[in-house]
Amino acid sequence: MPPSPPHSSLDRREFLTAASAAALLAAAPASRALAEPRKPKPNRPRNLIMLVADGMSTGSLQVANIHARHTLGRNLHMYDMLADPSITTSLVNTDCANSLVTDSAAAASCWGCGHRVNNGVLCYTPEHRSPEPIFVRAKRHAGKAIGLVSTTFIQDATPAAFAVNAPKRSMYRAVVDQYVDYKIDLIVGGGGRECSDEQLAQDPSITVQRTKTAFLKAMGTPGRHAALLADWHMRYEIDRTDAEPSLAEMSRATIHHLANTREAFCIMIEGARVDHAAHGNDAAALVHDMLAFDDAVRVALDYAKDDPETLVIVTTDHANANPGIARYGSYDRYLANLASAKHSFEWVFEHFRALPTTGRTPDAFADLFQRAINAELSTVERTMLNRTLDNRPADAFEEADNTTCVMGAIAANHFGVAFNSPNHTSDPVISLALGPGADLLPRVSHLTDTHDLIQRLFDLPPVT
Ligand SMILES: [Zn+2]
């Protein structure tokens with residue numbers, strides 16, 4: 001039986017959900033659902049695997065699924081999960097204390113401490129309180145081993161808000177100090193240039209790896225590990241070489257490491273660059289990172305099949321840039337173009353900056369851009385590109401009047417995928433949960449409900 005803490009906010013929500021469901025059923029015709037036996041009461045989970053595709057709009061899910069069907073001949077695993085009646089689906093609102101549009105720090109803080117906080121802080125309330133983050137409580141009060149895995153720098157907001165209190169998300173040194181102090185068992189991602197071996201050596205039980213080979217070799221060896229596998233962000237999947245592990249490789253290695261070396265664990269795995277690709281209006285980078293994230297979801301599902309005491313949550317922290325297929329008619333040509341893209345926009349900027357100063361011309365930029373999207377630019381497209389490179393207005397919406405958005409709009413002519421801005425949006429997002437207690441996640445929820453669910457199912461003390 002799951003615990004029933006007297007002050008859990010889920011109690012009231014469950015009541016409301018039940019009342020709403022009763023009202024709907026009273027109005028609805030008799031259905032198959034009425035004849036189905038009630039699900040047995042869930043047991044409490046021992047492990048948590050929480051997978052976060054940062055900044056994944058529902059449009060990103062749809063575009064990536066259409067791309068997956070075109071290139072792989074199948075749906076995303078996440079898409080199939082939506083249709084699985086044994087998996088709980090929730091429509092999640094993401095507003096924070098001071099904004100309808102939420103940044104990753106405030107969003108992950110909702111998971112970390114169950115409170116709406118202001119944008120830009122890590123588990124730090126508007127009243128200047130620092131509630132103990134959820135993974136710290138899981139370690140201290142329930143003895144769970146803790147892992148944080150990300151494709152961006154490990155000091156970034158999403159991993160940090162599971163284990164850190166800070167009034168500013170940019171306090172990277174303080175973030176690592178708290179990872180060390182709170183004895184996080186496993187830290188894997190980028191950010192190596194802002195994290196010295198000396199800082200991590202404040203706890204001599206931490207072993208540091210800085211290559212894929214060393215990281216994979218260390219997994220399975222008991223002890224605390226910090227794998228810093230890139231100076232800052234890890235590569236977009238579309239640009240990744242074998243020198244860096246894929247998110248699925250990182251997930252497989254870390255989940256099995258924790259499962260084989262510890263009694264029970266909680267791990268957060270972030271596909272961070274889904275968010276970056278959406279900010280950059282880069283459809284090709286987006287679908288490749290979405291598929292890489294989906295491969296990591298498969299790893300978690302396979303693990304949970306063998307270890308059913310595992311709660312798996314697949315979700316995101318907020319919508320971003322709302323990509324969507326936005327042209328009528330046959331899509332074969334657009335899907336073929338999208339599948340043929342070679343590199344990210346980030347690759348274009350990197351290679352442009354690497355040119356000698358005299359070579360950094362608008363034509364050189366356009367040539368690199370053409371190589372990345374594997375398409376020839378029209379005269380009009382070159383004119384628009386030149387305008388933005390020359391800092392002249394190229395979009396009437398001031399938020400979108402920048403080079404990457406203009407590149408995204410040009411790419412939309414070839415890929416058929418358009419974005420609404422470079423910014424996060426207030427759109428609700430999707431959360432999927434399976435395993436013991438997953439069906440207690442409200443069908444319409446807020447990010448803070450996921451905190452409350454974890455707190456309740458793992459019998460953690462409430463934040464004060
Ligand atoms: Zn973002």
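The values are calculated or read from the model by the stated rules, or taken from the named source; none is laboratory data. Predicted model, so just to flag it, every value in this text is computed and none were measured. Cβ sites come from the backbone with ideal geometry, for glycine too, and all protein chains shown count toward neighbours.
Conditions (1) at pLDDT 95 or above; (2) assigned to a loop (DSSP other than H, G, I, E, B); (3) closer than 20 Å to residue 290 by Cα, marked per residue:
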| residue | (1), (2), (3) |
| --- | --- |
| 37 | no, yes, no |
| 52 | yes, no, yes |
| 56 | yes, yes, yes |
| 65 | yes, no, yes |
| 95 | yes, yes, no |
| 101 | yes, yes, no |
| 108 | yes, no, yes |
| 129 | yes, yes, no |
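Picking from 97, 142, 53, 105, which residue would you name as being in the same structural domain as residue 224 (by TED's automatic domain parsing), of a type outside the set (Ser, Thr, Tyr), surrounded by 24 or more Cβ atoms within 10 Å (Cβ to Cβ) and over 19 Å from residue 433 (Cα atoms)?
105
Return the total of residues in region 164-181 being in a loop (DSSP other than H, G, I, E, B) and either closer than 17 Å to residue 227 by Cα or not assigned by TED's automatic domain parsing to the domain that holds residue 149 (or both).
Count: 0.
Out of all the residues in region 355-368, is one or more closer than 27 Å to residue 59 by Cα and surrounded by fewer than 22 Cβ atoms within 10 Å (Cβ to Cβ)?
Scanning region 355-368, I find no residue that is closer than 27 Å to residue 59 by Cα and surrounded by fewer than 22 Cβ atoms within 10 Å (Cβ to Cβ), so the answer is no.
Of the conditions (1) surrounded by fewer than 24 Cβ atoms within 10 Å (Cβ to Cβ); (2) under 28 Å from residue 145 (Cβ atoms); (3) touching a residue at least 12 places away in the same chain (Cβ under 8 Å), residue 322 satisfies every one except a single condition; which number is it?
The one condition residue 322 does not meet is (2).
Out of curiosity, is residue 86 crowded, with 24+ Cβ neighbours inside 10 Å, within 27 Å of residue 57 (Cβ to Cβ) and polar (S, T, N, Q)?
So residue 86 does not fit the description; no.
Which is over 19 Å from residue 224 (Cα atoms), assigned by TED's automatic domain parsing to the domain that holds residue 450, in contact with a helix residue (DSSP H, G or I) (Cβ under 7 Å, 6 or more places away or on another chain) and part of a strand (DSSP E or B), of 158, 151?
On inspection, the qualifying residue turns out to be 151.
For region 434-450, does any single residue satisfy the condition of being under 15 Å from residue 323 (Cα atoms), touching a helix residue (DSSP H, G or I) at 6+ places or on another chain (Cβ under 6 Å) and of a type in the set (Gly, Ala, Ser)?
no
Output the helices (runs of 4 or more DSSP H) that fall wholly within region 228-336 and possess 1 or more residues being under 25 Å from residue 429 (Cα atoms) and within 16 Å of the ligand (Cβ to nearest atom), or say none.
Those helices (runs of 4 or more DSSP H) span 273-279, 283-306.
Kindly evaluate residue 125 against the criterion of being touching a His at 6+ places or on another chain (Cβ under 6 Å), in a loop (DSSP other than H, G, I, E, B) and either among the charged types (D, E, K, R) or in contact (Cβ under 8 Å) with a residue 12 or more places away in the chain (or both).
Yes; evaluated as a whole, the condition is true for this residue.
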